[in-house]
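Worksheet for the structure shown next.
The values are calculated or read from the model by the stated rules, or taken from the named source; none is laboratory data. In this text, all values refer to a predicted model and were calculated from it rather than measured experimentally. Glycine also receives a Cβ, built like all others from the backbone with ideal geometry; neighbour counts cover every protein chain displayed. For accessibility, only protein heavy atoms count, side chains too; no ligands or nucleic acids. Shrake-Rupley method; radii C 1.70, N 1.55, O 1.52, S 1.80 Å.
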Amino acid sequence: MSSKVYFPNLNGIRFIAALAVIIHHIEQTKSFFLYNHNWHSPHIRLIGKLGVVLFFVLSGFLITYLLLTEKSRGTISIRKFYFRRILRIWPLYYLIVILGLFVLPQMDFFYIADNHRTDNIQEYFIVKVILFFLFLPNLALAGFSPVPFIAQTWSVGVEEQFYLIWPVLIKKLKNVFFALISVILFYLSVKLIFNYINQHTEAVDSDKILRGIFQFWDEFSIDCMAIGGIAAYIFFYKKEKLLTFLFNKYFQLLIYIVIVLSIVFKINVMYLQLEYYSIGFAIIILNLAGNPASIIKLENRVFNYLGKISYGLYMFHYIMIVVAIKLLGYFYIKNDFFIYSVSIGFTIIISALSYEFFESKFLKMKKKYTLIPSGND
């Protein structure tokens, strides 16, 4: 078996991305319970989006690098790639989906008063079941009312659709860089056309199917993954002059400052907000993964473990937030410190148990389909 590919600090990045989404959804869930909340804060809305975008860019970086490595050592086995992704993603995905569709709605404990999401689960129920089971949760969310506790799976659907396309793209096309740029330009061209239609056609407001298509494409975000892929391409092919510039400590500092200030002041670059942040995230990931002189270090045992269970953190957190708020409610505790502490604590515990006693069983099966072992997978 080939030597393992491992990038330092990236598990820490995974945890930070998951934490951003958890904070976003804690505030949203507090609003469902009619607690004091910051759900309408543009900063809360933004960090939730950026947590998902960070996941997308990181996936684009890791998957592209591993595929380029595999290609350089012979050829890419698309069949084995798909099996690896299935064993990593499907078991927990389907567990959460089954809980959200068939189990939790039957339990009074998980009912959220005044939350239209809970009441609307039966709306187009069969269609939703089909879409979730066909790994199209992003299409289900774009076209129908959200299903409680599993709405977050939309981004997993986007990732899975990315996995479906990416190995074929990297294997078949000789000029990978051109392919990455083409994906970005094609995605953005369609997105801008849709935005133009949306701005200038009143019929879109009343056409549910058209709105669903626009939302589906807007959230597909394969360009964010391609931006991560460009960072992987630069690092894999050792573009020294460019890396020297990107690895400069003053440039690193500038990128961190720009990202922080952009979040604080809610900078919006027309229709390219997520792409703007994706470029910054790609540069940060490139430094954390490949620059020994990175000005920030996230490589430690705590972050490594939390990053390792980050898929569980992302998938279980909605359920655990409600569990925490309900249990604290029995003691009339509505304090943010306790809500955040218990929600995050419960999420970490259930994710660790899931990883150790459920997910790991399937991860062990990945070995026979693995050509390039990765410590970040």
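See the values below:
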item	result
Qualifying residue in region 366-373 (condition: under 22 Å from N9 (Cα atoms) and in contact (Cβ under 8 Å) with a residue 24 or more places away in the chain)	yes
So F245, is it modelled with pLDDT of 95 or more and loosely packed, with under 12 Cβ neighbours inside 10 Å	yes
Selection within region 84-102 - open to solvent by 60 Å² or more (accessible area, probe 1.4 Å) and under 20 Å from E123 (Cβ atoms)	I98, F102
Matching entry among Y111, Y196, Y163, Y124 (being aromatic (F, W, Y) and closer than 20 Å to Y311 by Cα)	Y163
Matching residues, region 48-74, being surrounded by fewer than 24 Cβ atoms within 10 Å (Cβ to Cβ), out of contact with any Asp or Glu (no Cβ under 9 Å at 6 or more places or on another chain) and either under 29 Å from Y332 (Cβ atoms) or not hydrophobic (A, V, I, L, M, F, W, C) (or both)	K49, G51, T69, E70, K71, S72, R73, G74
So S343, is it under 17 Å from L104 (Cβ atoms), modelled with pLDDT of 95 or more, under 20 Å from the mean Cα position of the chain (by Cα) and surrounded by 15 or more Cβ atoms within 10 Å (Cβ to Cβ)	yes
Helices (runs of 4 or more DSSP H) contained in region 192-256 and holding at least 3 residues under 24 Å from I283 (Cβ atoms) and aromatic (F, W, Y)	222-236
Pairs, first buried (at least 21 other Cβ atoms within 10 Å of the Cβ) in region 280-309, second among the basic types (K, R), C-beta under 6 Å, six or more apart	G307/R14
Filtered residue count, region 320-360, keeping only those that are farther than 15 Å from T29 by Cα and in contact (Cβ under 8 Å) with a residue 60 or more places away in the chain	3
Residue among I230, I234, I255 that alone is touching a Leu at 6+ places or on another chain (Cβ under 8 Å), surrounded by 12 or more Cβ atoms within 10 Å (Cβ to Cβ), farther than 30 Å from L136 by Cβ and touching a residue at least 12 places away in the same chain (Cβ under 8 Å)	I234
From the options L62, L54, residue that is farther than 15 Å from V158 by Cβ, in a helix (DSSP H, G or I) and within 18 Å of the chain's Cα centre (by Cα)	L62
Helices (runs of 4 or more DSSP H) completely within region 297-377 that count 2 or more residues being of a type in the set (S, T, Y)	310-330, 336-354
Criterion (assigned to a loop (DSSP other than H, G, I, E, B), of a type outside the set (D, E) and closer than 30 Å to K367 by Cβ) met by exactly one of T75, T69	T75
Residue check, K367 touching a Phe, Trp or Tyr at 6+ places or on another chain (Cβ under 7 Å) and surrounded by fewer than 20 Cβ atoms within 10 Å (Cβ to Cβ)	no
